[in-house]
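Only one structure is covered here, and it is reproduced in the block below.
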Amino acid sequence: MNGKERPFSPPAIGGSSLLVIFAVLCLTVFALLSLSTVKAGTRLSEKRSEAVRAYYEADSRAEEILARLRLGELPEGVELKGDIYAYECSVSDAASLAVELRLNGEDWEVLRWQLIPASEWEADDSLPVWIGD
Amino acid sequence: MRSRSPLALIELLIMIMIFALAAALCLRAFVWADLKSASNADADMAALHAQSAAELLKGSEGDYSFAAMELGGVLSAAQHGDKLAPAAEQESLLVRYGSDWKSSPEADAFTLSAVPLETSVPGLESALIAVNDASGAELISFTVSWQKED
């Protein structure tokens, strides 16, 4: 013992450690951001494909009903409003395909073949947005 | 006083190892995200091209030659199966796409096919439209129908 205590020195955490910690944090954050972006993109892509499939499925059902009408049948779900035949084919919970047809002699005239929202539009006027002077 | 050089060297080595490990893990995540993003873009393009084919067939009332000409595809004999149209003279549409989604007879990255289907209702025609990638995996498929004019 030399009688003189050595002063306590904390473990050396140098600049390189701080730099690496910062770099690793940045890498991790960017990796997580890219993964979440891709996950959202995948969900969107799947929804888009599903929407296309559902639309053509409903469109095929509507075409089949039209074909049956042309054969002289009155398929289930077809309403006769005056001389207009109207029916709807569900596309999804949020939309359906509305069809209106009129028989002109032997020809079927398509008056409406339209994708419509399944529920009524509810305007949200809770926010005080600027609507002009 | 003892030199701190070995301690600094050990610290540097440990930090390099940690960085290498984290970089390798993050790089894997980046590569996976890039591949998945490309696969999503392909699925979107497949849906777009399938829609184009469907609307061409509907608009032309099942004129496969017209659809083949517009899409840059070819006509081939319809495949036969339980579900498919049995008429031998019916043709199916085949369009080949490269990885950039440009149609070319030599391309083999993606294929779009439109095969006529048998329908139970007279006057109605249907086709099964499918887009597959080079490995045969299906990106999208659906049935499209139209009226057969006499």
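A few remarks follow.
- For B:PHE19, the criteria (1) at pLDDT 95 or above; (2) over 15 Å from B:ASP100 (Cα atoms) hold in every case but one, which is (1).
- Hey, A:ALA51 within 11 Å of chain B (Cβ to nearest Cβ), under 22 Å from B:HIS49 (Cβ atoms) and hydrophobic (A, V, I, L, M, F, W, C) or not: yes
- Residue within the stretch B:31-48 that is facing another protein chain (nearest Cβ under 7 Å), surrounded by fewer than 17 Cβ atoms within 10 Å (Cβ to Cβ) and either more than 32 Å from the chain's Cα centre (by Cα) or farther than 30 Å from A:ALA62 by Cα (or both) present: yes
- Residue under evaluation A:GLN114, criteria (1) within 17 Å of B:TRP146 (Cα to Cα); (2) surrounded by fewer than 20 Cβ atoms within 10 Å (Cβ to Cβ); (3) over 21 Å from the mean Cα position of the chain (by Cα), criterion not met: (3)
- Test for B:GLN147: is it at pLDDT below 95 and within 13 Å of chain A (Cβ to nearest Cβ): yes
- One residue stands out among those in the stretch B:102-126 that are out of contact with any Ser or Thr (no Cβ under 7 Å at 6 or more places or on another chain), assigned to a strand (DSSP E or B) and within 22 Å of B:GLY62 (Cα to Cα): the one that is nearest to the other protein chains (Cβ to nearest Cβ), which is B:LEU112.
- In the stretch B:130-144, the residue that is nearest to B:PHE110 (Cα to Cα) out of those that are within 13 Å of chain A (Cβ to nearest Cβ), in contact (Cβ under 8 Å) with a residue 40 or more places away in the chain and in contact with an Asp or Glu (Cβ under 9 Å, 6 or more places away or on another chain) is B:VAL131.
The values are calculated or read from the model by the stated rules, or taken from the named source; none is laboratory data. It should be emphasised that the depicted structure is a prediction, and the values quoted were computed from it without experimental measurement. We place every Cβ from the backbone using ideal geometry, glycine too, and count neighbours over all the protein chains shown.
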